[in-house]
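This report concerns only the one structure given below.
The values are calculated or read from the model by the stated rules, or taken from the named source; none is laboratory data. Note that the structure is a prediction, hence the values are computed from the model and not measured. Counting neighbours? That spans all protein chains shown, and the Cβs are built from the backbone with ideal geometry, glycine included. Protein only, heavy atoms only, side chains kept; ligands, DNA and RNA dropped before computing areas. Shrake-Rupley method; radii C 1.70, N 1.55, O 1.52, S 1.80 Å.
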Amino acid sequence: MKEQLNSIRMQAEQELSSVGTITELENIRVKYLGKKGELTAVLRGMGSLSPEERPVIGQLANEVRAYIEGRIEEAKSELIRKERSQKLEKEVIDVTMPGKRKMLGKKHPLSIVIDEIKDVFIGMGYEIAEGPEIELDYYNFEALNIPKNHPARDVQDTFYINNNILLRTQTSPVQIRVMENKKPPIKIICPGRVYRSDAVDATHSPIFHQVEGLVVDKGITMGDLVGTLRLFAKSLFGEKTEIRLRPHHFPFTEPSAEVDVSCWACGGTGCRVCKNEGWIEILGAGMVHPKVLEICGIDPEVYSGFAFGLGVERTAMGRFNIDDMRLLYENDIRFLKQF
């Protein structure tokens, strides 16, 4: 048995001296030290030895095992070192070669305008509110005082999924959801995508963005709305900007108004941008209709509020002098890298 153990040591040494890969090394380990390995087979025969021989053979077997294990670790370290060295030799980096220029992205013009609008209203103490783009008919129309068969539904050309589910035509449903779940005072803006079945042209798109605002509290008046919109317009379009309100009708506000700003290009004297009118329409606004407050569980005898909404695309077109809305969606790098 001593001869067997010495022979195993010599054979293992010979094989380990010429091993070339990690796989070969693992095969050698299994061959000699595995459950069915040669050293294990010898140890199983120790039961036939006399009590005097067992300690001697056991000690020799442990020495052989320790030797083979040590040589395997040495061979493994050497193989890893050689593989790393060969890899470094093959993957030489020529530091004298010119580097590749990385193209850095920029904010999309719509994102720029949305972020600017957010900054203005966050500075006035507003919170950001969000809601689902796939909406229920109740939140998109009925809770906004637009019952079924109301003419206002035809104007919005809605994408219906079924009779009760649709793609929201405005971010106003977010206002309803907030009023249902939060008691006044409420002071929010709701930015997001909206959808209407419009034909694509220079000023229309079936997908566009809105930012709507809502304030509900005790003693809110039309004067608060005008002051808010005036501050917003000056912050976004310049300190010299003025606003103008024209009476209008919205089912969810009463009284209601279309809001114009003095032309940012000519200052109100008249030019090509404002079609020589001196004013550019940017949003609709008004006092929240008492019925809308009632639907949301808010007492209109105690609380009042105002709401407003503007289209981001047309605001961006005005800010950056863009004459075709389609440019905002065509992902032309030549156009987008200007911003």
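When the range 111-134 is filtered for residues that are acidic (Asp, Glu) and touching a Gly at 6+ places or on another chain (Cβ under 9 Å), the ones remaining, listed by number, are GLU130, GLU133.
Applying the criterion of being open to solvent by 10 Å² or more (accessible area, probe 1.4 Å) and β-branched (Val, Ile, Thr) to the residues of the range 108-144, the residue that is farthest from ARG230 (Cα to Cα) is ILE134.
Looking only at residues in the range 94-107 that are without any contact (Cβ under 8 Å) to a residue 60 or more places away in the chain and either in contact with a strand residue (DSSP E or B) (Cβ under 7 Å, 6 or more places away or on another chain) or not hydrophobic (A, V, I, L, M, F, W, C) (or both), which one is surrounded by the most Cβ atoms within 10 Å (Cβ to Cβ)? Full working, then the answer.
Taking the range 94-107 first, the residues without any contact (Cβ under 8 Å) to a residue 60 or more places away in the chain are 94-105.
Keeping just the survivors that are either in contact with a strand residue (DSSP E or B) (Cβ under 7 Å, 6 or more places away or on another chain) or not hydrophobic (A, V, I, L, M, F, W, C) (or both) gives 94, 96, 98-102, 105.
Numbers: ASP94: 5, THR96: 5, PRO98: 5, GLY99: 6, LYS100: 6, ARG101: 6, LYS102: 5, GLY105: 8.
Checked the range 94-107; the qualifying residue surrounded by the most Cβ atoms within 10 Å (Cβ to Cβ) is GLY105.
Across the range 317-326, what is the total count of residues that are open to solvent by 50 Å² or more (accessible area, probe 1.4 Å) and either at pLDDT 90 or above or not in a helix (DSSP H, G or I) (or both)?
From the range 317-326, those open to solvent by 50 Å² or more (accessible area, probe 1.4 Å) are 319-321, 323, 326; that's our starting set.
Subsequent filtering for residues that are either at pLDDT 90 or above or not in a helix (DSSP H, G or I) (or both) retains 321, 323, 326.
Residues meeting the conditions: 3.
Looking only at residues of the range 218-241 that are of a type in the set (S, T, N, Q) and in contact with a strand residue (DSSP E or B) (Cβ under 9 Å, 6 or more places away or on another chain), we find that the one that is surrounded by the fewest Cβ atoms within 10 Å (Cβ to Cβ) is THR221.
Does ILE189 count as closer than 17 Å to GLY305 by Cα, within 21 Å of the chain's Cα centre (by Cα) and either modelled with pLDDT of 95 or more or loosely packed, with under 14 Cβ neighbours inside 10 Å (or both)? Break it down into steps so the answer makes sense when it comes.
Working: closer than 17 Å to GLY305 by Cα: yes; within 21 Å of the chain's Cα centre (by Cα): yes; either modelled with pLDDT of 95 or more or loosely packed, with under 14 Cβ neighbours inside 10 Å (or both): yes.
When the stated conditions are applied, ILE189 passes them.
Restricting the first member to the range 123-144 and to residues that are within 23 Å of LYS187 (Cβ to Cβ) and free of Cβ contacts under 8 Å to residues at least 60 places away in the same chain, and the second to residues that are open to solvent by less than 50 Å² (accessible area, probe 1.4 Å) and aliphatic (A, V, I, L, M), the beta-carbon pairs closer than 8 Å and six or more apart or on different chains are GLU135/LEU166; GLU135/LEU167; TYR139/ILE176; ASN140/LEU166.
Take ALA307 and tell me if it is within 20 Å of GLN210 (Cα to Cα), free of Cβ contacts under 8 Å to residues at least 40 places away in the same chain and not in a helix (DSSP H, G or I). Steps first, please.
Details: within 20 Å of GLN210 (Cα to Cα): yes; free of Cβ contacts under 8 Å to residues at least 40 places away in the same chain: no; not in a helix (DSSP H, G or I): yes.
So ALA307 does not fit the description; no.
Among the residues of the range 145-170, those identified as in contact with a helix residue (DSSP H, G or I) (Cβ under 8 Å, 6 or more places away or on another chain) and either assigned to a loop (DSSP other than H, G, I, E, B) or open to solvent by less than 40 Å² (accessible area, probe 1.4 Å) (or both) are ASN145, ILE146, LYS148, THR158, ASN163, ASN164, LEU166, ARG168, THR169, GLN170.
Annotation note: of ARG244, ARG314, ARG272, the sole residue that is open to solvent by 50 Å² or more (accessible area, probe 1.4 Å) and under 33 Å from the mean Cα position of the chain (by Cα) is ARG314. Checking each residue of the range 197-215 against the condition of being within 26 Å of the chain's Cα centre (by Cα), within 22 Å of ASN321 (Cα to Cα) and among the hydroxyl-bearing types (Ser, Thr, Tyr) gives at least one match. Please go through the range 295-307 and pick out each residue that is farther than 11 Å from ILE176 by Cα and surrounded by fewer than 19 Cβ atoms within 10 Å (Cβ to Cβ). Residues satisfying the conditions are ASP299, PRO300, GLU301, VAL302.
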